[in-house]
Amino acid sequence: MSLEEGESLDRIYEFAVQLGKDAGARLLTAATRMASGMERSAAKHKANAVDLVTETDKDIESFIKEKIAKTFPTHKFIGEESYSEGSSREYQIGDEPTWCIDPLDGTVNFCHLFPMFCVSIGFILRGKPTIGVIYAPMINQLFSACVGKGAWLNESQRLPLMREPIPELPKNAPGGCIFSCEFGKQRKDGPNSNFRKKIESFVSIASDKRETEKEGGMAHGVRCLGSAAMDLAYTALGAFDIWWEGGCWEWDVAAGICILQEAGGLVTTGTPPGNDLNIEISEVGLGSRMYLAIRPAGPSEEETGSEGQERVVKAIWKLVNTLDYPRQ
């Protein structure tokens with residue numbers, strides 16, 4: 001479905017960036033009130049003790065939804081809190097213009113005043129993330145992107161940002177890489193649990209190849225920011241080399257996928273294909289719940305940047321376990 005008359009991508013992009021700023025300002029006000037003791041986070045449990053929701057989550061989502069409905073009344077809206085309260089877990093994104101929102105990604109961080117929390121605003125057109133805005137107000141970092149217009153930090157610095165020229169990926173990746181991941185909200189332990197398989201995968205990525213019977217990745221470091229949106233933003237920035245995650249929902253990643261792709265990064269499935277590593281590496285489905293992202297990469301004498309990204313994807317697939325996150 002196409003945009004209606006007067007709904008240019010430029011206009012929607014400008015609106016989304018301002019909406020991110022406004023929502024982020026409300027988020028920062030709530031954090032400041034908590035820090036000053038004026039109010040508590042009033043966090044409630046959803047699925048378990050680490051799956052939290054606050055009144056701030058709900059307030060920010062209502063604010064965003066109202067602004068979108070007033071400006072673009074024909075657009076569809078999907079937000080984490082309203083979706084969580086529904087009975088259906090079906091994938092609800094089609095071809096129509098759709099806003100996919102996480103009003104507060106990193107709620108646990110917010111409750112502890114750890115600054116890696118953000119508002120994440122994704123605009124999806126014909127099923128593809130087309131505009132992305134991620135704003136972390138406590139550190140004043142605004143990541144934004146629109147298809148064909150590049151990805152930006154604070155509207156002035158084009159991504160990737162960390163080094164110029166864009167460095168190639170290490171030959172022995174994940175060796176020499178910063179690997180980003182999250183423990184996730186599912187914490188039930190057991191031999192076949194996602195939690196155990198994640199931990200085993202982290203060990204495999206980080207362990208010394210010379211000191212283990214199994215193949216180890218010897219990554220330089222493993223980082224957990226506590227926010228999938230910020231993980232993707234920092235991969236687009238070039239600060240993280242690799243992000244691997246399971247259990248996310250589309251509102252966690254819609255904005256970040258757009259930003260990373262516009263920066264020149266690659267996003268594909270985090271589910272390893274077994275022994276068949278010769279399969280074509282395709283773009284991930286937004287609602288797949290398993291993701292693997294590689295930062296923007298420059299060429300080397302032996303390969304192009306995209307060839308390097310695909311090489312690293314296959315290296316990660318060899319080291320991680322298959323996880324199971326159904327839509328339920």
Lone unmet requirement of (1) farther than 15 Å from PRO174 by Cβ; (2) touching a strand residue (DSSP E or B) at 6+ places or on another chain (Cβ under 8 Å); (3) not aromatic (Phe, Trp, Tyr) for ILE242: (1)
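Sort through GLY308, GLY264, GLY287, GLY298 and tell me the only one that's touching a residue at least 24 places away in the same chain (Cβ under 8 Å), surrounded by fewer than 24 Cβ atoms within 10 Å (Cβ to Cβ) and on the phi > 0 side of the Ramachandran plot. Write out each step before concluding.
On the way: GLY308 fails: on the phi > 0 side of the Ramachandran plot; GLY287 fails: on the phi > 0 side of the Ramachandran plot; GLY298 fails: on the phi > 0 side of the Ramachandran plot.
Exactly one of GLY308, GLY264, GLY287, GLY298 is touching a residue at least 24 places away in the same chain (Cβ under 8 Å), surrounded by fewer than 24 Cβ atoms within 10 Å (Cβ to Cβ) and on the phi > 0 side of the Ramachandran plot, namely GLY264.
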Could you identify the single residue in VAL147, VAL133 that is assigned by TED's automatic domain parsing to the domain that holds GLY94, of a type in the set (A, V, I, L, M) and surrounded by fewer than 23 Cβ atoms within 10 Å (Cβ to Cβ)? VAL147
Considering (1) in a loop (DSSP other than H, G, I, E, B); (2) touching a Phe, Trp or Tyr at 6+ places or on another chain (Cβ under 8 Å); (3) of a type outside the set (Val, Ile, Thr); (4) without any contact (Cβ under 8 Å) to a residue 60 or more places away in the chain, say which one GLN186 fails and leave the rest. (4)
Here are the criteria: (1) closer than 17 Å to GLY176 by Cα; (2) in contact with a strand residue (DSSP E or B) (Cβ under 9 Å, 6 or more places away or on another chain); (3) touching a residue at least 60 places away in the same chain (Cβ under 8 Å). Tell me which single one GLU215 does not satisfy. (2)
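What about GLY184, is it of a type outside the set (A, V, I, L, M), in contact with an Asp or Glu (Cβ under 9 Å, 6 or more places away or on another chain) and in the same structural domain as THR32 (by TED's automatic domain parsing)?
Details: of a type outside the set (A, V, I, L, M): yes; in contact with an Asp or Glu (Cβ under 9 Å, 6 or more places away or on another chain): yes; in the same structural domain as THR32 (by TED's automatic domain parsing): no.
So GLY184 fails the test.
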If you check PHE123 against the conditions, is it modelled with pLDDT of 90 or more and not in a loop (DSSP other than H, G, I, E, B)? yes
Looking at segment 15-39, I want the residues that are outside the structural domain of LYS67 (by TED's automatic domain parsing) and have a partner that is outside any loop (DSSP other than H, G, I, E, B) and surrounded by 13 or more Cβ atoms within 10 Å (Cβ to Cβ) with Cβ atoms under 9 Å, at least 6 apart or on another chain. Which pairs are those? none
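The values are calculated or read from the model by the stated rules, or taken from the named source; none is laboratory data. The structure presented is a predicted model; accordingly, all values stated were derived computationally and were not measured. Neighbour counts run over all protein chains shown; Cβ positions are idealised from the backbone, glycine included.
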